[in-house]
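A.B. asks: Provided herewith is a single structure, encoded as structure tokens, for subsequent inquiry.
A short reminder: the numbers here are calculations on the coordinates, not readings from a lab. Just so we're clear, the structure is a prediction, and the values are computed from it rather than from any experiment. Please note: Cβ atoms are built from the backbone with ideal geometry, for glycine as well, and neighbour counts cover all protein chains shown.
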Amino acid sequence: MDDNKMMGGKVKKPGKRGRKPVKIDLKAKLERSRQSARECRARKKLRYQYLEELVSSRERAICALREELEMYKQWCSAMDQGKIPSEIKALLTGDELNKAPQIASKSSKNGKNNSSGNH
């Protein structure tokens, strides 16, 4: 019993411990590794495509908002000079059928881009 150790009532033989290594076919292992690498590259490509689309949509939204801001700055400078822009006159007089839809469509486009940018 000196050669064998007692552990929990069971006799354990000396030697290698743990699981025996399973002989895995080297070619199969390499093929699994290659397949995993292909899948990883595909996921990475999709992720970058998604991010590029996100960046381009945000850039378009920024451009639209800058145009709108420039329009408002022009309106403000015109009002500082005592002139009332025709777009504002149309809004104030209720003549929304002629010129206001153009402004509203610009605002709604910018609003759509802006709201999508907040998600």
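A.B. asks: So for each of 33-39, 64-70 I average, over its residues, the number of other beta carbons within 10 Å; can you give me the resulting order with the highest mean first?
C.D. replies: Averaged packing, sorted descending, gives the order 64-70, 33-39.
A.B. asks: Report the FRET efficiency, 1/(1 + (r/R0)^6), for Arg43 and Trp75, where r is their Cβ-Cβ distance and R0 is 35 Å, rounded to 0.05.
C.D. replies: E(calc), rounded to 0.05, equals 0.15.
A.B. asks: Residue separation times 0.36 nm, minus the C-alpha to C-alpha distance between Glu52 and Arg66: what's the value?
C.D. replies: 2.9 nm
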